[in-house]
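Here the structure is laid out as structure tokens; the discussion comes afterwards.
The values are calculated or read from the model by the stated rules, or taken from the named source; none is laboratory data. Just so it is clear, the structure is predicted and the values come from calculations on it, not from any experiment. Cβ placement follows ideal geometry from the backbone for every residue including glycine, while neighbour counts extend to all protein chains displayed.
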């Protein structure tokens, strides 16, 4: 958030305005070029009046402006941004108050907030770069909800950990991290990758924080093969978070107690796209009983559908599946309670193309993209670059590219620049979040013991 010309910091307080020992008040005392939106004498709860007050302050400031908003001040800022009349250099949006959810006692009620214009929360992309700094223990907003806001606004999300609402009631007066975030110091070491809209790869403090915004009904692609190279810590965190009705894309469904099998066991999945049922008896049971919709696809085709999704290729032709139910349609996707086929696959277009051995028939397969991708790597750096270990390199890079938001767990995290570029298997451009989870557990899917040798 650095600027060639020293910007003016405009501080946007929350509903309780200028609390003497608040970090915003302390920050204003320490800065040379700073303005604070003054408290209102009338209509203190009215959002339009507060937006107008911010607009008046900004109209008086020449040169670049950095907005620093807290709590409900974040909502004032994003409402103002919907009709911004001037350029903003950047914004630091700290612990947004979720005005669409009930507040604890002592705060305005949801009905009062709606009456005074605070609902709904704007979810259009902000017209300036921004950082949303979120708490894992905020009584006024869950991390999952704040992560969703950041995604909608095109903001970079920073997980502050256990800081409450980051106000005096949470034990915070001065808050030095504000200066660091304003300078662009993103400790503890997130990467410097930037995608369209200013979103950067983020180093997360925990697997739980990394998956906090995966909501019920999301589609999720998961890397690995069986229990090899699976992002098991991320999967466990997702299971603990409680999201359900998930649409899973994975080579198979792990085992009964490991990998995506734990999501299956907890009835968190509504649909699975996979290449085979595998060794998971519960997977087969739910499929055959009609509890789970399953799209089976050839393993090579599944890999190529993921690769195509990551490359922006809408569809491709392949000979795999021609002359079978894959191409002709009728593959059972979901069974009824009585064992009949309730949902079957539709027929796919088939075309003939010339080849080295003469004309050959090919079936059209559509690419796969998902809302989220979960992958496991041996080593990652804070720029999101990943190195996979042996067989873990099979589906993980394809899955990472196919997800609109890719979350990587790594056994070892190193600073950007420490990896030899020739060792990198997946560039950081594909990775949105990264979390260090320690050594892999070394799971073994099948253990075979040799019988006693004949004497």
Fill in: Hits in segment 327-348 (condition: at pLDDT 95 or above and closer than 22 Å to residue 402 by Cβ)
348
Worksheet item: How many residues, within segment 240-268, are part of a helix (DSSP H, G or I) and within 17 Å of residue 373 (Cβ to Cβ)?
Response: 2
Worksheet item: Out of all the residues in segment 235-245, is one or more assigned by the TED database to the domain that holds residue 372, over 18 Å from the mean Cα position of the chain (by Cα) and surrounded by 22 or more Cβ atoms within 10 Å (Cβ to Cβ)?
Response: no
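Can you pull out the residues in segment 53-77 that are surrounded by fewer than 15 Cβ atoms within 10 Å (Cβ to Cβ) and not in a loop (DSSP other than H, G, I, E, B)? Explain how you work it out, then say what you get.
Residues of segment 53-77 that are surrounded by fewer than 15 Cβ atoms within 10 Å (Cβ to Cβ), as a first pass: 56, 59-60, 62-63.
Passing the criteria: 56, 59.
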Fill in: helices (runs of 4 or more DSSP H) within segment 273-392 that include 1 or more residues assigned by the TED database to the domain that holds residue 404
281-289, 299-311
Worksheet item: Where residues in segment 39-73 are more than 20 Å from residue 84 (Cβ to Cβ) and either touching a helix residue (DSSP H, G or I) at 6+ places or on another chain (Cβ under 7 Å) or not assigned by the TED database to the domain that holds residue 103 (or both), which of them is modelled with the lowest pLDDT?
Response: 43
Practice prompt. Kindly indicate whether residue 209 is surrounded by 20 or more Cβ atoms within 10 Å (Cβ to Cβ), at pLDDT 90 or above and either farther than 30 Å from residue 42 by Cα or within 14 Å of the chain's Cα centre (by Cα) (or both).
Written response: yes
Practice prompt. Residue by residue through segment 78-102, note down the ones that are at pLDDT 95 or above, touching a strand residue (DSSP E or B) at 6+ places or on another chain (Cβ under 8 Å) and either over 22 Å from residue 140 (Cβ atoms) or outside any strand (DSSP E or B) (or both).
Written response: 78, 95, 96
Discussion item. So if I check each of 323, 312, which one is at positive phi and at pLDDT below 95?
Written reply: 312
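Does any residue of segment 16-33 turn out to be under 26 Å from residue 154 (Cα atoms) and part of a loop (DSSP other than H, G, I, E, B)? Write out each step before concluding.
Pass one, segment 16-33, residues under 26 Å from residue 154 (Cα atoms): 23-24, 27.
From what's left, part of a loop (DSSP other than H, G, I, E, B): none.
Scanning segment 16-33, I find no residue that is under 26 Å from residue 154 (Cα atoms) and part of a loop (DSSP other than H, G, I, E, B), so the answer is no.
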